[in-house]
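Chemist: Questions regarding the structure given below will be posed in turn.
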């Protein structure tokens, strides 16, 4: 019994060592791709070609392409070949797996990652920002690419030279010095595979750009403190215009702080009505900027005053009703009293007779 067990152990060790020695002798495939050579880069080509060195000792090859990085393609030989190609493969990360068959034994699996993005970015927006410089425009770009992401922007002002710009965190592109007046900015947003989307926008470079209202409630109660908040140049003079529907607009002069923030507070509030609010920068020369985007505000009656008004209406309707009831009660009482007196008078006459 002990000899049989010892023989089994020796046989298992020998088989394990022999198998691993055989496994170690089977080479790991060396994979390359002429269409997608760098596994860390994205490519717009969706027809990848994968190649590998094929030793003469190899009896068979097993390959598989999927989304998983460590898949074993299996133990069924696909034939004897040293390359494969795919057509119109879907976007995203892919992994190619291959292993060799030698003397009925399969070797280790080699894996190769390749990335495909054959679609251009899905969105590109240009937004002009306020600038403290009279000769430079400032812009932000909003672009999206759901596959490889946005790599860089190619920007051209009017008919000038195209420049490459990458957003490293501040999100603001500033032009070189240009003349005042009308201009055009053309932008291309490139993803990491080289696909791009393009758009353009006309803009005006002015001496004084308009401020921007950034916060305010849209509905206030009468008697409630009214406020707006905005942003513009640092330490700038700002006129805030308040226009009640059907009446002339009034303006309030305020000043921005060292951060360019300004605000208007009317503690006593505004009368009931529909208002339009906007703001304009006022330069030292006395020149006004264009107006900011106009904001619609509603001043509603206070709940307490509404309640008092409703009570007065109810009282006004109720008093005549009460008066009628009192009058009717008085008439009934008067008639009843008169009839009762007549009855008493008749009784006295009968007793006398």
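No lab work stands behind these numbers, since they all come straight from the coordinates. Quick caveat: nothing in here was measured; it's all calculated off a predicted structure. Note that each Cβ is placed from the backbone with ideal geometry, even for glycine, and that neighbours are counted across all protein chains shown.
Chemist: Return the single residue from 152, 233, 142 with maximal mean-square fluctuation; model: Gaussian network over the chain, springs between Cα atoms under 10 Å.
Modeler: Maximum fluctuation in the GNM of the chain, among the listed residues, is at 142.
Chemist: How would 94, 165 line up from fewest to most surrounding beta-carbon atoms within 10 angstrom?
Modeler: 165, 94
Chemist: Of the candidates 155, 204, 313, which one comes out as most mobile in a Gaussian network treatment of the chain with C-alpha springs shorter than 10 Å?
Modeler: Its mean-square fluctuation being the largest, the pick is 313.
Chemist: Going by how many other beta carbons lie within 10 Å of each one, how would you line up 43, 86, fewest first?
Modeler: Final ranking by Cβ density, sparse to dense: 86, 43.
Chemist: In percent, how large is the relative contact order of region 24-110, given Cα pairs closer than 8 Å and 6 or more residues apart?
Modeler: With pairs under 8 Å counted, the relative contact order is 38 percent.
Chemist: Next up: Which whole-number percent is the relative contact order of the chain (Cα, under 8 Å, 6+ apart)?
Modeler: 11
Chemist: So, one more: Mind checking the log10 I(q)/I(0) for the chain at q = 0.06, 0.07 Å⁻¹? Debye, one equal scatterer per Cα, no solvent, two decimals.
Modeler: Calculated log10 I(q)/I(0) at the listed q: -0.58, -0.67.
Chemist: Say R0 is 41 Å: what FRET efficiency, to the nearest 0.05, do residue 251 and residue 67 get from their beta-carbon distance?
Modeler: Efficiency at R0 = 41 Å is approximately 0.05.
Chemist: Kindly put 278, 106 in sequence by how many other C-beta atoms sit within 10 Å of each C-beta, fewest to most.
Modeler: Neighbour counts put them in this order, fewest first: 106, 278.
Chemist: Also: Mean residue ellipticity at 222 nm from the helices of the chain, using -39,500 (n - 2.57) per DSSP H segment of n ≥ 4 over the full residue count, to the nearest 500 deg cm²/dmol?
Modeler: Rounded to the nearest 500, it is -7500 deg cm²/dmol.
Chemist: Same structure, new question: Return P(r) of region 151-277 (all Cα-Cα pairs; 10 Å bins starting at 0; whole %; ordered from short to long distances).
Modeler: 10, 28, 24, 20, 14, 3
Chemist: For the pair residue 179 and residue 300, how long in nm is the line joining their label points, each one 7 Å along Cα→Cβ?
Modeler: Here the modelled spin labels are 5.4 nm apart.
Chemist: Run the simple label-point estimate for residue 167 and residue 326 please: 7 Å along Cα→C-beta, distance reported in nm.
Modeler: Computed distance between label sites residue 167 and residue 326 equals 7.6 nm.
Chemist: Let me ask you something else. Which residue fluctuates most in the GNM of the chain (Cα springs below 10 Å): 201, 87, 184?
Modeler: The residue with the greatest mean-square fluctuation here is 87.
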